[in-house]
1. Which net charge results when you count Lys and Arg as +1 and Asp and Glu as -1 among the other residues whose beta-carbon is under 13 Å from that of Cys451?
2. Please report Rg (one decimal) and Dmax (integer) in Å for the Cα set of the chain.
3. List, in order, the whole-Hz ³J(HN,Hα) value for each residue of region 67-82 obtained from phi through the Karplus relation with A = 6.51, B = -1.76, C = 1.60 and θ = phi - 60°; use x for Gly and Pro.
4. Compare the Cα positions of Ala404, Trp388, Gly369 along the charge dipole of region 367-424 (+1 at Cβ of Lys, Arg; -1 at Cβ of Asp, Glu; about the Cα centre) and return the one farthest towards the positive end.
5. With charges set only on the Cβ (+1 for Lys and Arg, -1 for Asp and Glu), what does the dipole of region 146-213 come to about its Cα centre, in debye to the nearest 20?
6. Farthest toward the dipole's positive end in the chain, which of Ser119, Gly343, Ala316, given Cβ charges of +1 (Lys, Arg) and -1 (Asp, Glu) about the Cα centre?
7. In the chain, with Lys and Arg counted as +1 and Asp and Glu as -1 at Cβ, which of these residues, Pro165, Val198, Trp13, has the Cα nearest the positive end of the dipole, that is, farthest along it?
8. Charges at C-beta only: +1 for Lys and Arg, -1 for Asp and Glu. How large is the resulting dipole of the chain about its Cα centre, in Debye rounded to 20?
Amino acid sequence: MTRMSNKREAVDWFTDGLRQRGVEWVASLCGHGQDPLFDSFRRSGIRIVDVRNEQTAGYIAEGYGRLTRRPGVCTSSSGVAVANALTGVMNAWFDHAPMLFVSGSANSDTLGMGCFQDSPHTAMSAPLTRYSRRIEHPARAVQILDEAWRAALGCPHGPVHIDFPMDMQKAVVAEEDLVLPAPSAPPPGPNAGHIGQVAAALRQSSRPLIIAGTETYYAGESGDLMAFAEAFSIPVQTPIWDRGVCDDPSDAFTGIMGAFSGNAGIFHSSDCLIVSAPADYRLGYLRTTARTIPMGRGWRLLHERMVDTGALPYRAWLAEARGMQMAFRNAVLETGARQRMDGRIHAVDLVGALDQVLPANGVLVIDGGSIGQWAHHLLTRNRYPAHWLTCGRSGVVGYGLGGAMAARLAYPDRAVVLLSGDGAFTFTAAEIECAVRQKLPFVAVVADDQCWGITHSGHLRQFGEGIGTVLGPVRFDRLAESLGARGRRVDRAEDIAPAVDAAIASGEVTVIHVPISGGNPA
Ligand SMILES: Cc1ncc(C[n+]2csc(CCOP(=O)(O)OP(=O)(O)O)c2C)c(N)n1
Ligand SMILES: [Mg+2]
């Protein structure tokens, strides 16, 4: 007797492949090209988190990738929807966040002939992704998914894109005809020879500084790094907006380095930089006289090497570095005090209140210019947890609501607090309705200085006035209420912490509108 062949539409094989890779939801906005995908998701139990702008779908996918190191998935319809979703893809491209973007498109026999929303989907994504391919043979649906997935989690990680024309989705493929994924090689391990050189450089140094973030985080070595740094009293700093490597308060963590922020004093006082980060603008392109040694994977091996060689901890240097970190923080607080206006809330009050009420495992999502700088300066004195979410190396604003939804999907049981500028918040404010309806609660605290504050401060310095930087009044509490969320306005500094606390406890989407007097720490 011959066995009945198992025949299914390619889209169902594809959806199965997603499920096998642990995908439980996709973020999306419906439309042309993805009806078979939506139907397949529905039948297979994959949740569709729907949004009002594909930008948010992209941000949810990449935010989830950042928070969990597993690719978040978003899908879109064809044409301009792809360009919208590419906003999140581009943000992921900047610093290797793993995510998968799937676009639908018209039947392949009409592509390029002026079919509806005919547009160069994969050509648009190609420069921004580690893998970008259209499925042109339905039997390759799972094999292409596998290639894409492996590229997203490759070395380095990054965003990937699959374009899936509708006729390819609907084509029936027998199981035995499916093209099988090729076996893959494991990621490269630490290079023992190079680790030896790092150890030797450290032994010759008296004031070493470790700069690490995203690379160490995605390598899964944050714990090893911090254990090493603590054992040998070596200060660690993370480039601003990188993934954090220090979840729990640690004396060895001495803050953020970056463009307009961070305590550059430690950097300039160091005689040896152990760098596991790109030498980009945040690190001043590493133009320094200090010895600079790149470091990849293998923090545990380095730790062992240092123990073997009988190296001693750099206690006095770490104490000095901590002193510089505290002096820097105090200078920031003094800047805030100088800017303070009678009776008005200042960003320092707001950030201080969050510091009081945010639980240790709470997810803080930071979006906005000046308010983000204040938060980074004041909240990162001895930790920069990987469960906080920032824009990443791109420095984008306007991703925060997608980021908060991603955080809720990644951490169903934790407090999720978005700290946003007023400008950043309005990029995708309508998503509040989607979050409420789909039970993805978070607390959004909107620091409202009625301007694109960081740019405004820069214009004041350069031109004596802001040029196109001033915004009008928005009642963010009422806006939230009109979108089905809870809204609260706070006008006194002492009311911020209780309001945030109550909002976290409510388990509902809550927007707390905090008018502030404005000002930048730098
Ligand atoms: C998509 C995008 N557009 C423009 C910018 C430039 N930019 C950086 S910070 C900023 C101001 C943000 O204003 P707001 O969210 O109100 O925060 P504030 O600086 O006032 O605290 C702008 C316009 C950017 N980073 N990203
Ligand atoms: Mg603002």
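1. Numbers: positive: none; negative: Asp422, Asp448, Asp449, Glu465.
Net charge around Cys451: -4.
2. 24.4, 88
3. Result, ordered by residue: 6, 10, 6, 10, x, x, 10, 10, 10, 8, 7, 9, x, 4, 4, 5 Hz.
4. Selected residue: Trp388.
5. Computed about the Cα centre, the dipole is about 880 debye.
6. Ala316
7. Farthest towards the positive end: Val198.
8. 700
FYI, it's all coordinate maths here, none of it is from the lab. Predicted, not measured: the structure shown is a model, and the values here were computed from it. Please note: Cβ atoms are built from the backbone with ideal geometry, for glycine as well, and neighbour counts cover all protein chains shown.
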